[in-house]
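> Before I ask anything, let me first share the structure, which is written out below as structure tokens.
The values are calculated or read from the model by the stated rules, or taken from the named source; none is laboratory data. These figures come from a predicted structure and were not determined experimentally. As a convention, Cβ positions derive from the backbone with ideal geometry for all residues, glycine included, and neighbour counts pool all protein chains shown. Accessible surface is based on the protein model in full, side chains and every heavy atom, while ligands, DNA and RNA are left aside. Shrake-Rupley method; radii C 1.70, N 1.55, O 1.52, S 1.80 Å.
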Number of protein chains: 2
Amino acid sequence: MDVMAFEDVSLPDVTGLSVGILGGTGAQGKGLGYRLARAGHPVVIGSRDAARARDTARTLAAMPRVEDGLVSGADNVGACAADVVIVAVPWAGHADLLAELAEPLSGRIVVDCVNPLGFDKQGAFPLSVPEGSAAQQTARLLPESRVTAAFHHVSAVLLSDPTIDLLATDILVLGDDRKAAATVQALATRIEGMRGVFAGRLRNAHQVEAMTANLIAINRRYKAHVGIRVTDI
Amino acid sequence: MDVMAFEDVSLPDVTGLSVGILGGTGAQGKGLGYRLARAGHPVVIGSRDAARARDTARTLAAMPRVEDGLVSGADNVGACAADVVIVAVPWAGHADLLAELAEPLSGRIVVDCVNPLGFDKQGAFPLSVPEGSAAQQTARLLPESRVTAAFHHVSAVLLSDPTIDLLATDILVLGDDRKAAATVQALATRIEGMRGVFAGRLRNAHQVEAMTANLIAINRRYKAHVGIRVTDI
């Protein structure tokens, strides 16, 4: 793809694209599900426990500015039937879950938003991942999927707060499949205030995931829910 | 230090603080030297070759809005006499240079802004550093210095462009010595448009350095000189 100014980037029309969320009952998954449903996308909350997923779906469906019938719940395999599938599971269960879902995720656009972090009394720090990053682990486990990484830095607290209309933050989108990345950029850009910015190949995903440790340090210091904006585009 | 909103952070008064720049004849060093001199700080451009450093100093001194007598050139040891010393050397010579300068840098606030990156036909990627990051390597080599890391993401092109008055970007400042970090935050904040934001301990420096590979990918895609803003503070 050619070099271009941000406002000139022609992203695909993703109106009506359905989104499944693995780990959709967690804070990040719920928050992303809420915002994407608010943007008019059918959202399938996935969980190991389908009943729990349906509970979360009911909660999200009842939130402000979500149209009737947009949010549903299913087991994780059910959530894999969506056009785009976001991986928002805890790092601890990441590899095992994805290994199980390689077949239902075959051909799908997969968006990994998992940050492999450890915590001790000095705060957060990145964990070492044999593949280099959570996103690269996903790419290894899902060779037939179109793997991207995005949504690492956006605060679950802000995502889930219905009184906040505008999330003035950028979403760094990584991927080796440029068309898949462009779809995820477009999806991020559907959320009010957000821009999906292409930020490189999966081999550069580690530092994007790990940067979340720095944002947590900033949050602690300044009592905030920070995100990132890319300047000059 | 307590949690606080950004506008409440009381940073030290750094008016008149002198700044030495190791590798001050390179693009990043020159750009930082220009902006800090413009902000009223005495700047000593350092280089292995003192004559070259003096050449660069003369160039910077002649640039718009730099007061007479603020910029000088010296060999690297000479630049170590400043209050704060910025390390802006190429990664290839990083360890060797710092090992030589451990004594003159003893007790100084040292600011590492080096990004260990490799380049191939797919673009930039982070190099593996035995210590974890350039900043941690500096801390190992300079046990008697107050090591911080900052200024990784700011574009040398924008820094050096005298027609740009405002650099609307944030500088992530890392360090285990909170007072040294606060001094560097204050120094960054002296540059018009910039804020120095405390972003964690040195163990979290790797991803900040490596993120430069992503910013390079963004620059290529959008034909820009991007930086980062931290939102919500």
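> Roughly how many debye, to the nearest 20, is the charge dipole of the protein assembly as shown about its Cα centre, given +1 on each Lys and Arg Cβ, -1 on each Asp and Glu Cβ, and no other charges?
100
> Still on this model: Using a 1.4 Å probe, what is the accessible area per residue for segment A:19-222, in Å²?
Here the per-residue accessible area is 36 Å².
> For the pair B and A, how large is the buried accessible area, both sides, in square angstrom to the nearest 100, if the probe is 1.4 Å?
Buried area between the two chains comes out at roughly 4000 Å².
> Separate question: Compute the Cα gyration tensor for chain A, then decide on rounded, prolate or oblate, letting a ≥ b ≥ c be the square roots of its eigenvalues: rounded whenever a/c is under 1.5, prolate when a/b is larger than b/c in the other cases, and oblate in all that remain.
The shape class here is rounded.
> Still on this structure, I have one more. Name the longest site-free stretch of chain A, where the excluded sites are GluC sites (Glu not before Pro) in a DSSP loop with no more than 14 other beta-carbon atoms within 10 Å.
Result for the longest clean stretch: A:68-143.
> How big is the gap, in Å, between the Cα center of segment B:41-116 and the Cα center of segment A:212-233?
Computed from Cα coordinates, the inter-centre distance equals 30 Å.
> In whole Hz, with x marking every Gly and Pro, tabulate ³J(HN,Hα) for segment B:112-126 from phi via Karplus 6.51 cos²θ - 1.76 cosθ + 1.60, θ = phi - 60°.
8, 10, 7, 10, x, 10, x, 9, 9, 5, 8, x, 8, 8, x
> Another question, then. Considering amide H positions built from the backbone, and no H for Pro or chain starts, which residues 5 or more places from A:ILE109, or on another chain, come under 5 Å of its amide H?
A:VAL85, A:ARG146
> Sum up the charges of everything whose Cβ sits under 15 Å from the Cβ of A:ALA53, counting Lys and Arg as +1 and Asp and Glu as -1, but leave A:ALA53 out.
Around A:ALA53, the charge tally is +2.
> Roughly speaking, to the nearest percent, how much of chain B's 1.4 Å accessible area is carbon and sulfur?
Carbon and sulfur: 51 percent of the exposed surface of chain B.
> Provide the gained length on full extension for the span B:ARG220 to B:ASP165, in nm with one decimal, where the gain is 0.36 nm per separating residue minus the Cα-Cα distance.
Once the chain is fully extended between B:ARG220 and B:ASP165, it gains 17.4 nm.
> Let me ask something additional. Restrict the search to segment A:102-173; then list the trypsin sites (Lys or Arg not before Pro) that DSSP places in a loop and that have at most 10 other Cβ atoms within 10 Å of their Cβ.
Of the trypsin sites (Lys or Arg not before Pro), the ones in loops of segment A:102-173 whose Cβ has at most 10 other Cβ atoms within 10 Å are A:LYS121.
> Let me ask another. Can you work out ³J(HN,Hα) from phi for every residue in segment A:186-191, in order, using Karplus 6.51 cos²θ - 1.76 cosθ + 1.60 and θ = phi - 60°, giving whole Hz and x for Gly and Pro?
For segment A:186-191, the Karplus curve yields 5, 5, 4, 5, 5, 7 Hz.
> Net charge near A:ARG178: determine it from the other residues with C-beta under 11 Å of the C-beta of A:ARG178, scoring Lys and Arg +1 and Asp and Glu -1.
+2
> Any chance you could run the full-extension gain for A:ASP120 through A:LYS179? It's 0.36 nm times the residue separation minus the Cα-Cα distance, nm to one decimal.
17.3 nm
> Place +1 on the Cβ of every Lys and Arg and -1 on the Cβ of every Asp and Glu in chain A, take the dipole about the Cα centre, and give the residue among A:VAL226, A:GLY33, A:ALA81 whose Cα lies farthest towards its positive end.
Sorting the options by dipole projection puts first A:VAL226.
> Let me confirm one metric for peptide A:125-138, namely the mean number of other chain beta-carbon atoms within 10 Å of its residues' beta-carbons.
1
> Taking a label point 7 Å from Cα toward Cβ, how far is B:ARG48 from its twins in the other copies, in nm, shortest first?
5.7
> Are any of the pairs A:LYS179/B:LYS223; A:LYS121/B:LYS179; B:LYS121/B:LYS223; A:LYS30/A:LYS179; A:LYS30/B:LYS179; A:LYS179/B:LYS121 more than 29 Å apart by Cα-Cα distance, and if so, which?
Cα-Cα > 29 Å for A:LYS30/B:LYS179; rest within.
> Something else about it: If Lys and Arg each add +1 and Asp and Glu each add -1, what is the summed charge of the other residues whose beta carbon sits under 13 Å from the beta carbon of B:ARG35?
+1
> Okay, next question. Just to verify a number: FRET efficiency for B:VAL157 and A:ALA81, C-beta to C-beta distance, R0 = 35 Å, to 0.05?
Taking R0 as 35 Å, the efficiency between B:VAL157 and A:ALA81 is 0.15.
> Suppose a student asked you for the relative contact order of segment A:19-222, using Cα pairs under 8 Å spaced at least 6 residues apart; what percent would you report?
19
> With r defined as the distance between the Cβ atoms of A:THR59 and A:TRP91 and R0 fixed at 30 Å, what FRET efficiency is calculated, to the nearest 0.05?
0.80
> Work out the FRET efficiency for A:ASP68 and A:THR15 from their Cβ-Cβ distance, taking R0 = 25 Å, and round it to the nearest 0.05.
Between A:ASP68 and A:THR15 the formula returns 0.90.
> Then there is this: Mind telling me which of B:GLY20, B:GLY31, B:GLY132 comes out most flexible in a GNM of chain B, alpha-carbon contacts under 10 Å?
B:GLY132
> When only C-alpha pairs under 8 Å and at least 6 residues apart count, what is the relative contact order of segment B:16-129, in percent?
Result for segment B:16-129 is 26 percent.
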